[in-house]
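A short reminder: the numbers here are calculations on the coordinates, not readings from a lab. Given the structure is predicted, the values throughout are model-derived calculations rather than measurements. Positions of Cβ are generated from backbone atoms using ideal geometry, with glycine treated the same way; all protein chains shown enter the neighbour counts.
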Amino acid sequence: MVRDFGAFVGLLFLELLFAMVLSQDPIPCQPRTINCFSCNSSENPFCLDVFPKREVASPRVKTIECLEDCFKWLYIDRNNKRHLIRGCSAQLHLDLDRHLICMYESRSRGGYICFCTTDRCNGSSRFAFSLTVPLIALLSYLAPS
């Protein structure tokens, strides 16, 4: 009986400790900032692909601090003119989950938007990985069973 009482007190102590831990405010994480290229090819021709490496460090293509993801958005207008916008996803008003992927616009002429999470990742060549997943999915779908 004494052993049962000791186990009861031990369980009661654990429950009390657990309740105290759960009632504490979580320790906030420090915000993570990254630098994103920020430009619009309609205003700055150096924003277009191919993004010359010598221009990356140039003041012609500015960078901004970002608490979210960087993005690269290609829009093709009715005249088939390409517009490229690079920036921080906090600038966008999108109601969608952003992942490390590229999403193609529905009913468009080939436009897409890509998201990434490392410093200056929204340059031109860094998004090649994003097409790998959809390509593998398409090939696995088309492969004979």
- Query: Quick one: which of 78-84, 33-39, 88-94 comes out on top by average Cβ neighbours within 10 Å, and what's the full order, highest first?
  - Reply: 33-39, 88-94, 78-84
- Item | Model label zone, Arg82; criterion: amide N under 17 Å from point 7 Å along Cα-to-beta-carbon; scope segment 33-47 | 39-47
